[in-house]
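This report concerns only the one structure given below.
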Amino acid sequence: MIARARVDGKFIAVGGPDPTSQPQIYTEANAVIVGEGEGSIPLWLDSWRIGAPEGRFEAAEKPDVTQTPIPRFDLISFDNYLHVGVQSSRGCPYNCEFCDIIELFGRRPRVKAPEQFVAELNRLYELGYRGWVDFTDDNFIGNRKLIKPLLQALCDWNREHNYPFIFSTEASLNLADDTELRCRTHS
Ligand code: SF4
């Protein structure tokens with residue numbers, strides 16, 4: 001794809017999980033934006049503004065997700081998507097041998113604040129979206145202590161809004177060992 005875009009003289013910027021995992025494959029791109037967007041995209045844009053848009057851009061630290069802005073859901077057409085993705089946390093404390101999450105997002109799961117997450121749901125609701133909402137978390141229960149208040153806020157919001165969304169996510173099976181979590185994720 002990079003080769004095809006080059007033929008048309010396009011500026012090519014790549015980023016996301018695969019360029020982060022194996023940036024050596026993307027050396028033909030003009031800009032390789034490595035890591036999580038909150039940190040690395042501003043670095044790239046700052047460099048662009050001073051006339052140096054090419055190279056590899058990577059923030060030194062993983063971002064604090066409690067500072068992540070609400071996604072611009074208003075820029076997409078919901079009809080083009082099977083479901084809308086939201087995210088309450090990143091990272092996972094486990095170390096399954098086939099999984100790259102530890103390298104990409106780290107071992108200490110970072111969790112959004114409940115009110116921050118509810119604000120994302122409110123934005124979706126206000127824009128008229130109804131239906132399937134998928135949590136794109138690496139492991140929804142990676143940080144059990146912080147996810148429980150968020151789940152409670154989610155339950156309350158759901159009840160107050162008459163259950164406008166259907167939720168799905170990925171979580172490790174030890175969720176079943178935690179009675180409180182099991183009940184809340186089920187409700
Ligand atoms: S529990 Fe899931 S996210 Fe965590 S290391 Fe295993 S496969 Fe990866």
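The values are calculated or read from the model by the stated rules, or taken from the named source; none is laboratory data. Since we're looking at a predicted model, the values are computed, not measured. Note that we place each Cβ from the backbone using ideal geometry, even for glycine, and neighbour counts take in every protein chain shown.
Tabulated data for the structure shown
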{"quantity": "Residues that are within 18 Å of residue 53 (Cα to Cα) and more than 25 Å from the chain's Cα centre (by Cα), drawn from region 3-26", "calculated": "5, 6, 9, 10, 11"}
{"quantity": "Hits in region 154-169 - residues which are without any contact (Cβ under 8 Å) to a residue 60 or more places away in the chain and either of a type in the set (S, T, N, Q) or touching an Asp or Glu at 6+ places or on another chain (Cβ under 7 Å) (or both)", "calculated": "158, 162, 169"}
{"quantity": "Residue that is farthest from residue 117 (Cα to Cα), among those in region 141-178 that are within 12 Å of the ligand (Cβ to nearest atom) and of a type in the set (A, V, I, L, M, F, W, C)", "calculated": "173"}
{"quantity": "Residue count, region 46-96 (criterion: at positive phi and in contact (Cβ under 8 Å) with a residue 12 or more places away in the chain)", "calculated": "2"}
{"quantity": "Tally, over region 103-122, of residues that are free of Cβ contacts under 8 Å to residues at least 24 places away in the same chain and surrounded by 18 or more Cβ atoms within 10 Å (Cβ to Cβ)", "calculated": "0"}
{"quantity": "Residue check for residue 111: under 17 Å from the mean Cα position of the chain (by Cα) and away from the ligand (no atom under 16 Å from the Cβ)", "calculated": "no"}
{"quantity": "Residues of region 6-55 classified as assigned to a helix (DSSP H, G or I) and acidic (Asp, Glu), total", "calculated": "3"}
{"quantity": "Only one of 121, 127 that is away from the ligand (no atom under 16 Å from the Cβ), in contact with an Asp or Glu (Cβ under 7 Å, 6 or more places away or on another chain) and more than 18 Å from residue 181 (Cα to Cα)", "calculated": "127"}
{"quantity": "Subset of region 58-104 (residues that are part of a helix (DSSP H, G or I) and either away from the ligand (no atom under 16 Å from the Cβ) or modelled with pLDDT of 95 or more (or both))", "calculated": "65, 66, 67, 73, 74, 75, 78, 79, 80"}
